[in-house]
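The values are calculated or read from the model by the stated rules, or taken from the named source; none is laboratory data. As the structure is a computational prediction, the values presented were derived from the model and not from experiment. Cβ coordinates were reconstructed from backbone atoms using ideal geometry, including for glycine residues, and neighbour counts include every protein chain displayed.
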Amino acid sequence: MRPFSMPSSAANPAAPALPPDTLTVATCNVLNLALPEREFYANQAPYTRAQYERKTQWLGGRFQTLNADILAVQEVWDEAAFTEALAASGLHYHYAVVPGAENTEGRAGASGTPRVGLATRLKVLATRSFIDFPAGLGQPIPGLGVHTRFERPPLVATLQMKRGQILTVLTCHLKSKRPKFLLDANGNPLEDRDNPKIAALASLRSLVMRGVEATALRCLVIDLLRHTRMPLVVLGDFNDTPDSVTTQMISASSEVAYDRKARDRALFNAFDLLGDAALKKDVAYSHIHQGAPAVLDQILVSEEFDPRSRHAVGDVRRVDYFNDHLHEGRDRSRSDHGFVRALLRMRALTPGAGSGDWSPDLDAAGTFEQSHDGA
């Protein structure tokens, strides 16, 4: 991506300042969204038609409540199922995609692991899905060999608002903390899961996998932020908390405390930019594990949304956590994650201002291989 400069009234002092436009972004882990009678995991029964319809209707209702301009999703096995859930919302999204989970031209959806996707009302300038880590970044996983690619490839989209503002959105889903036990080709266990030492090794596998995925994601973020004023939003299921090592690897926000120049390549948790965040901690969670609430689903933004930055072109107005359903019992028709929505503002382009220099081929991330046809 070539350098991009957000126009400002300073570039055209005669032009009156325009009010900012609002933009809502949301992230939703939809918990194994798949078509009916379609096996996705060997140890889980496919959805019946009734279960599928209940799930898509439930998701449709949640999507309607979120009413987001940009809707990022995780754990989608079939793009067609995502499209049906969007239709159930009654909202109009002119663009919806889940790379790797297509159900057209003989494709049977995702295989092995679910994928991430995106739906938006905004004009789409470019999209790209990333599978491979940068060359040389792969790390050995005990018993599995070298981990060289994302299990759930992140999706990057360059979008344009009605009055010309352009931003980049990155949707991600990192490896979970669930222990990674060795399996044979048919999904049968190769290890004694009741052995606590083997269980510890399996947890280590997951930790290393999530760590190297976070590193690769950080490399991608650096490429997207380097030498540009293009606003960036990174959102999804990080499978770890905002203060965890892996999240901090991706955001690098801690570096800002002792190096102001680091702001240019850092990300900031949208919730933290609200101010008085401590008063809202009692409702700020998106997952409950063994009775303990935590924030795993996050929305990070670049300094262009931090009003303290001289490069700010907008701000974060509010962040909402939709998590009531987490207390309604386990049911495959619902998600086991809460949904997170942020209301952002972006300054409108001044009359006569150009939209800057941008490149839809995302060539700033040239060390990654393109993996989505037509992107």
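Scan A80, A119, A126 and give me the residue that is within 23 Å of D237 (Cα to Cα) and touching a Pro at 6+ places or on another chain (Cβ under 6 Å). Spell out how you get there, then give the answer.
Values: A80 fails: touching a Pro at 6+ places or on another chain (Cβ under 6 Å); A119 fails: touching a Pro at 6+ places or on another chain (Cβ under 6 Å).
Just one listed residue meets the conditions, A126.
Output the residues belonging to region 238-271 that are under 16 Å from the mean Cα position of the chain (by Cα), closer than 21 Å to G211 by Cα and not aliphatic (A, V, I, L, M). Lay out the reasoning, then the answer.
Filtering region 238-271 for residues under 16 Å from the mean Cα position of the chain (by Cα) gives 238-242, 246-251, 267-271.
In the following step, the residues that additionally are closer than 21 Å to G211 by Cα were identified as 238-242, 246-251, 267-269.
Within region 238-271, F238, N239, D240, T241, P242, T246, T247, Q248, S251, F268, N269 meet the criteria.
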Residue count, region 308-343, condition under 22 Å from A34 (Cβ atoms) and over 18 Å from the mean Cα position of the chain (by Cα), comes to 9
Conditions (1) in a strand (DSSP E or B); (2) within 30 Å of F181 (Cα to Cα); (3) not basic (K, R) -> A119 fails only (2)
Going by the conditions given, is E84 out of contact with any strand residue (DSSP E or B) (no Cβ under 7 Å at 6 or more places or on another chain), farther than 30 Å from M346 by Cα, in a loop (DSSP other than H, G, I, E, B) and modelled with pLDDT of 95 or more? no
Only unsatisfied item for E105, checking (1) within 15 Å of P154 (Cβ to Cβ); (2) acidic (D, E); (3) in a loop (DSSP other than H, G, I, E, B), is (1)
The residue that is nearest to T148 (Cα to Cα), considering only those in region 216-260 that are assigned to a strand (DSSP E or B) and either touching a helix residue (DSSP H, G or I) at 6+ places or on another chain (Cβ under 7 Å) or free of Cβ contacts under 8 Å to residues at least 60 places away in the same chain (or both), is V234
In the set D21, D78, the lone residue that is at pLDDT 95 or above and under 25 Å from the mean Cα position of the chain (by Cα) is D78
Subject >> Boolean, D223 is at pLDDT 95 or above, out of contact with any Lys or Arg (no Cβ under 8 Å at 6 or more places or on another chain) and surrounded by 18 or more Cβ atoms within 10 Å (Cβ to Cβ) >> reply: no
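Take the residues of region 268-287 that are of a type in the set (A, V, I, L, M) and modelled with pLDDT of 70 or more: which is nearest to I70 (Cα to Cα)?
Within region 268-287, the first condition is being of a type in the set (A, V, I, L, M), and the residues that meet it are 270, 273-274, 277-279, 283-284.
Next, only the ones that are modelled with pLDDT of 70 or more stay: 270, 273-274, 284.
Values: A270: 15, L273: 20, L274: 20, A284: 21 Å.
Across region 268-287, the extreme among qualifying residues is A270.
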Cβ pairs under 7 Å, 6+ apart or interchain, first in region 172-185 and closer than 18 Å to Q74 by Cβ, second in a loop (DSSP other than H, G, I, E, B), ordered by first then second residue, are C172/P154; H173/R152; L174/F238; L174/N239; K175/E151; K175/N239; S176/N239; K177/N239
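I need the full set of residues from region 187-212 which are of a type in the set (S, T, N, Q) and either in contact (Cβ under 8 Å) with a residue 24 or more places away in the chain or outside any loop (DSSP other than H, G, I, E, B) (or both), in order please. Steps first, please.
If we filter region 187-212 for residues that are of a type in the set (S, T, N, Q), which is where we start, we get 188, 195, 203, 206.
If the condition is that a residue be of a type in the set (S, T, N, Q) and either in contact (Cβ under 8 Å) with a residue 24 or more places away in the chain or outside any loop (DSSP other than H, G, I, E, B) (or both), then S203, S206 are the ones that fit.
Go over the candidates A375, A364, A342 one by one and state the one that is at negative phi and at pLDDT 50 or above.
Values: A375 fails: at pLDDT 50 or above; A364 fails: at pLDDT 50 or above.
Going through A375, A364, A342 in turn, just one is at negative phi and at pLDDT 50 or above: A342.
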Checked against (1) within 17 Å of the chain's Cα centre (by Cα); (2) within 16 Å of S253 (Cβ to Cβ); (3) surrounded by fewer than 23 Cβ atoms within 10 Å (Cβ to Cβ), V301 satisfies every condition except (3)
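Considering only region 32-68, state which residues are closer than 24 Å to T127 by Cα and crowded, with 18+ Cβ neighbours inside 10 Å.
Restricting attention to region 32-68, the residues satisfying the condition of being closer than 24 Å to T127 by Cα are 32-34, 63, 66-68.
Across region 32-68, the qualifying residues are N32, L33, A34, F63, L66, A68.
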Within region 17-71, residues being in a loop (DSSP other than H, G, I, E, B) and more than 20 Å from A110 (Cα to Cα) number 7
So, first residue more than 12 Å from K55 (Cβ to Cβ) in region 324-335, second residue aliphatic (A, V, I, L, M) and not in a loop (DSSP other than H, G, I, E, B), Cβ within less than 6 Å, six or more apart or across chains; the pairs are L326/I288
Flagged pairs (Cβ under 9 angstrom, 6 or more apart or on separate chains; first in region 29-49, farther than 16 Å from V116 by Cα and touching a residue at least 40 places away in the same chain (Cβ under 8 Å); second assigned to a loop (DSSP other than H, G, I, E, B) and basic (K, R)) are Y47/R38; Y47/R332
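For every residue, the table says whether it meets (1) over 28 Å from V97 (Cβ atoms); (2) surrounded by 14 or more Cβ atoms within 10 Å (Cβ to Cβ); (3) under 18 Å from the mean Cα position of the chain (by Cα).
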{"site": "F150", "(1), (2), (3)": "no, yes, yes"}
{"site": "L155", "(1), (2), (3)": "no, yes, yes"}
{"site": "M161", "(1), (2), (3)": "no, yes, no"}
{"site": "L170", "(1), (2), (3)": "no, yes, yes"}
{"site": "P179", "(1), (2), (3)": "yes, yes, no"}
{"site": "M209", "(1), (2), (3)": "no, yes, yes"}
